[in-house]
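Only the coordinates and a few stated rules stand behind these numbers; no lab work does. Small disclaimer: the values here were computed from a predicted structure and weren't measured. Cβ atoms come from the backbone with ideal geometry, glycine included; neighbour counts cover every protein chain shown.
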Amino acid sequence: MSDILDILLAANFWAAALRIATPLIFGVIGALVCERAGVLNLGIEGIFTAGAMAGWMAVWLGAGLWGGVLVAALAGGFFGLIHAILTVPLGLSQHVSGIGVTLFATSLSYFIYRTALPDVSSPPRIEAFKPLDIPVLSDLPFIGPALFQQTALTFLALAVVAVTAFVLYRTPLGLAIRAVGDNPSAVESQGLSVYGLRIGAVVAGSALMALGGAFLTMSAFDAFFFGMVNGRGWICIALTVFASWRPGKALLGALLFGAFDAFQVRLQTEVGSFIPGQVFLMMPYLLSIAALVLVARKADYPRALLVPYFRGQR
Amino acid sequence: MTSTVDGAPVVLKLERITKRFGALTANDDVSLDLHRGEILALLGENGAGKTTLMNILFGHYVADEGTVAVAGTNGTLKELEPGSPHAALNAGIGMVHQHFTLAENLTALENILLGTEPLSSFSSARGKARKHLGDLMQRSGLTVDLNARISSLSVGEKQRVEILKALYRDARVLVLDEPTAVLTPQESDTLFATLKKLASDGLGIIFISHKLDEVLAASDRIGVLRGGRKVADQPTAGCDKRQLAELMVGKSVPESTRTPQQPGAALLVLSQVTTGTGRDALHAVDLELLSGEILGIAGVSGNGQGTLAKVISGLEAPISGTVSLNGKQLTRSSARGMIDAGIARIPEDRHRDGIVGPMSVAENLAIETIRKPENQRFGFLRFDAIAARAKEAITAYDIRCQGGNAPARLLSGGNIQKIVLARTLDSDPIVVLAAQPSRGLDVGATADVHRRLLEARSRGAGVILISEDLDELMRLSDRIAVIHRGHLSSAERTENLDRGTLGMRMAGHSEEQAA
């Protein structure tokens, strides 16, 4: 019991939780923006991979770290645009298109990586983002190492949550996005473009998803590996439901998952000798399923989610 | 026509509008003027092209030929850019659709503000909007809680939000598509009083309807559409119901009336029937249906009549209470059990529950008796017999279709209802449960439904008629009971009731409260 307390009271546990949560924060906010506008984006897993590869490669080619972030966002926006065109004006199945985008984006990323680097045995490394040293705050006891020794991308993720919440709930644009995910004909009858709003939301949301991928290669690690996204995108889809499509709750969900994950790693070293490691690896996923079961039944789905809109038809 | 409208400037001019959908001409060379301060009723049957015309006006559709011109603030007519709701809104056209265009997850205020502020702006001037809306509400009498989520508002309140949306944008022309379809009689009266007030403030109003009474009561001028063409355009003063009905249908419509008849013994008896929870649940409902009578159930939809129909057709079992037919217990009977016992059901949503769309007319006609020997032998369908009986039914019930093999979904609402009637009434049922049987049907098809129900009554069947249309109920029913929030009043003879009383009870007021 005291072992568990030791884990929870260590500053590096909380630092790890926030670090693990960062890509999920980008991903869940991105998915939330798409779904608030009425479009489920199952391309997320592939868009993570594309963002991870594109950001890393831009830096490797000498673009600079923030240049890499921009390239990752553009790559995400590109795949988002494909998904948006297929599902919004053409009204195709959002499930099928999303899975297609995931397969396409993943394979294309691997293909480009392999073509650019045909014969490397160990993945080349880049100079990744370093933890920021914030005067005063980083030196606070416990809180400093736990919260303020993160890289710039983690702080960007937190800023994205705040900006998204502000836009959704305080601006006319956010009002229109929330409306188009509930009843597109309400939006059209008020003279706004349903397609414009939905395509814009999907592209913007996908760009955010790609930043989640970029965090992996440019902050968490400093290289690109095959399979490194490892289901993080799918977790984000589940977290949006858990969050009831609210940015604040989405942040909470991502942090909770990060904490589970950080906890299981530490628990493994404590009691790993007599329980197989795979049991611990399962834990965060099992707990997110349990959390979903508890929360999702009451979830307030955007009413027009998955429903294509065709003008002049009702 | 009131003298104030005479000589008032034209605010809207539709000129020679033609719109085709494939082979169908929905609007054929229709021209229409609307004056300042005028209420114009656009009358026509389903499929006459009323809604298409208004959707062209609002930019949801683009007309194949013809133009729409709207008066600017200075009064000169200017042609409207086709196919753009945005342009229509800016030109001062407000539209209240039949199916409300409100986002349920937003508040009333948010729905009204939607699209009125530039999307690039970083803030929303809600205080100012609130104040302006406060003035509008006071002037028009359309009060609504601006902070309430749309999902928590009643249908009447939602409609007020829709009208406020248009007024907030300074509409000079207001179009309402079948505005009373979902309202109680009292709510409709309030609506028309509001519209008159808005018109006297200078708003030009078009409302679409197929209800003759309200058109006569509430409009200054009436335009009638039939088969996509405008067949009449005249001041309301001097019109009468019979003449309008003929203009609408193109021929005179015989109205079936009920002849006095002595009812027989009790057939269907519900005693203290209670079902689950929610607004639609039934609370200790008692009902007795006699042989040879039509028992009307009046009520605003969503007050439990759907559940009542489900209980009687065996789709939902009551928690407590009993259902019996001819003294035989049927409380826990399945849908099949109810059909076999002689209860025929005309479902409320005929497209969803009345037919299987992709299946043929013949299959839909046979579907309820598919296990009977006339339709199957050793588990194999008897196609010839089914086709032969379908042919008979198509002639007998005048089902307009390409033949028994045509998919049922291709038929119009009226003809789908005829399939349902043929299927349910052909077996001479003991009880007929008719839920909203004429909803959405035009005058001709409605007359057909009424005739069939009266025929069932005269051969001794008991008919339960669930309807929101008071005219229909009062004309056909021997007795009427009112359902409100799952409570069913005791049935009274129609002669002792009037529209006002029924309307009050539908809204949940008892006489003592009214007095």
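Taking the highest mean first, how do the peptides B:198-208, B:398-408 order by number of other beta carbon atoms within 10 angstrom per residue? Numbers along the way, then the final one.
Numbers: B:198-208: 21.4, B:398-408: 16.5.
Taking the mean over residues of other Cβ atoms within 10 Å, the ranking is B:198-208, B:398-408.
Take the alpha carbon atoms of the stretch A:248-314, find their center, do the same for the stretch B:428-477, and report the distance between the two centers in whole angstrom.
After rounding, the separation between the Cα centres reads 54 Å.
With no solvent and one equal point scatterer placed on each C-alpha of the stretch B:102-169, evaluate the Debye formula and give log10 I(q)/I(0) for q = 0.21 Å⁻¹, two decimals.
-0.84
To the nearest 500 deg cm²/dmol, what mean residue ellipticity at 222 nm is calculated for chain B from DSSP H runs of n ≥ 4 alone, each contributing -39,500 (n - 2.57), summed and divided by the residues?
Numbers: 17 runs with 164 residues, N = 515.
Here the helix-only value at 222 nm equals -9000 deg cm²/dmol.
What whole-number distance in Å separates the alpha-carbon centres of the stretch B:151-172 and the stretch B:300-357?
37 Å
Mark the label point 7 Å from the Cα of B:R130 along Cα→Cβ and return the residues of the stretch B:93-108 whose backbone N is within less than 19 Å of it.
B:106-108
When chain A is treated as a GNM, springs tying every alpha-carbon pair under 10 Å, which of A:G77, A:G191, A:G30 comes out with the largest mean-square fluctuation?
A:G191
Counting partner chain Cβ atoms within 10 Å of every residue's Cβ in B:164-170, what's the average?
Details: counts 0, 3, 1, 0, 0, 2, 0.
Mean number of neighbouring Cβ atoms from other chains: 1.
Once fully extended, how much extra length lies between B:S252 and B:R499, figured as 0.36 nm per residue of separation less the alpha-carbon to alpha-carbon distance?
On the way: separation 247, 0.36 × 247 = 88.92 nm, distance 2.60 nm.
Here the segment from B:S252 to B:R499 would lengthen by 86.3 nm.
What list do you get for A:E270, B:E472 if you sort them by fewest beta carbons within 10 Å?
Numbers: A:E270 11, B:E472 21.
By the 10 Å Cβ count, ascending, the order reads A:E270, B:E472.
Could you let me know the centre-to-centre spacing of the stretch A:99-121 and the stretch B:31-65, using Cα atoms, in angstrom?
56 Å
Please compute the average number of Cβ atoms from other chains found within 10 Å of each residue's Cβ in peptide A:162-172.
Values: counts 0, 0, 0, 0, 2, 1, 0, 1, 4, 7, 14.
That average works out to 3.
Mind giving me the FRET efficiency for B:K241 and B:L77? R0 is 30 Å, r the Cβ-Cβ distance, nearest 0.05 is fine.
On the way: r = 34 Å, r/R0 = 1.15.
The value I calculate is 0.30.
So how do A:D261, A:D300 line up by other beta-carbon neighbours within 10 Å, fewest first?
On the way: A:D261 22, A:D300 10.
The most exposed by this proxy come first: A:D300, A:D261.
Would you grab the residues whose amide H sits under 5 Å from the one on B:V96? Only those 5+ places off in sequence or on another chain, please, with H modelled 1.01 Å from N.
Placed amide hydrogens put B:V175, B:L176, B:D177 under 5 Å from B:V96.
So if R0 is 35 Å, what FRET efficiency would B:D286 and B:I367 give, r being the distance between their Cβ atoms, rounded to the nearest 0.05?
Values: r = 33 Å, r/R0 = 0.94.
E between B:D286 and B:I367, to the nearest 0.05, is 0.60.
Report the one residue of B:L381, B:L244, B:S333 whose Cα lies farthest in the direction of the positive end of the charge dipole of chain B (charges on C-beta: Lys and Arg +1, Asp and Glu -1; origin at the Cα centre).
It is B:L381.
In whole percent, what relative contact order does chain B give with Cα contacts below 8 Å and a gap of six or more residues? The partial results should precede the final answer.
Numbers: 1027 pairs, mean separation 74.8, N = 515.
This gives 15 percent for chain B.
Run the helix sum for chain A: -39,500 (n - 2.57) per DSSP H stretch of 4+ residues, divided by residue count, reported at 222 nm to the nearest 500 deg cm²/dmol. Write out the running numbers ahead of the final one.
On the way: 13 runs with 214 residues, N = 314.
My calculation for chain A gives -22500 deg cm²/dmol from helical runs alone.
Given R₀ = 51 Å, what would the calculated FRET efficiency be for B:R352 paired with A:A223, taking r from the Cβ atoms and rounding to 0.05?
Working: r = 56 Å, r/R0 = 1.11.
The calculated FRET efficiency here is 0.35.
Residue-wise, which Karplus ³J(HN,Hα) couplings in Hz belong to the stretch A:260-265, taking 6.51 cos²θ - 1.76 cosθ + 1.60, θ = phi - 60°, and x for glycine or proline?
For the stretch A:260-265, the Karplus-derived couplings read 4, 5, 5, 5, 5, 4 Hz, x marking Gly and Pro.
Which is farthest toward the positive dipole end of the stretch A:165-314 among A:L208, A:P184, A:F224, measuring Cα position about the Cα centre, with Cβ charges +1 (Lys, Arg) and -1 (Asp, Glu)?
A:P184
Could you tell me the convex hull volume per residue, in Å³, taken over the Cα atoms of chain B? Don't jump to the answer; show the numbers that get you there.
On the way: hull volume 91.7 nm³, N = 515.
Taking only Cα atoms, chain B has a hull volume of 178 Å³ per residue.
Please give the contour-minus-distance gain from A:R114 to A:I134: 0.36 nm per residue of separation, less the Cα-Cα distance, rounded to one decimal in nm. All intermediate terms of the calculation are to be shown ahead of the outcome.
Working: separation 20, 0.36 × 20 = 7.20 nm, distance 3.87 nm.
Length gained, A:R114 through A:I134: 3.3 nm.
Starting with the fewest neighbours, write out B:T101, B:T116, A:T87 ranked by other beta-carbon atoms found within 10 Å of each beta-carbon. Write out the running numbers ahead of the final one.
Working: B:T101 22, B:T116 18, A:T87 28.
Final ranking by Cβ density, sparse to dense: B:T116, B:T101, A:T87.
What dipole magnitude, in Debye to the nearest 20, does the protein assembly as shown give about its Cα centre under +1 on Lys/Arg Cβ and -1 on Asp/Glu Cβ?
Values: 75 positive and 75 negative charges, 130 e Å.
It comes to approximately 620 debye.
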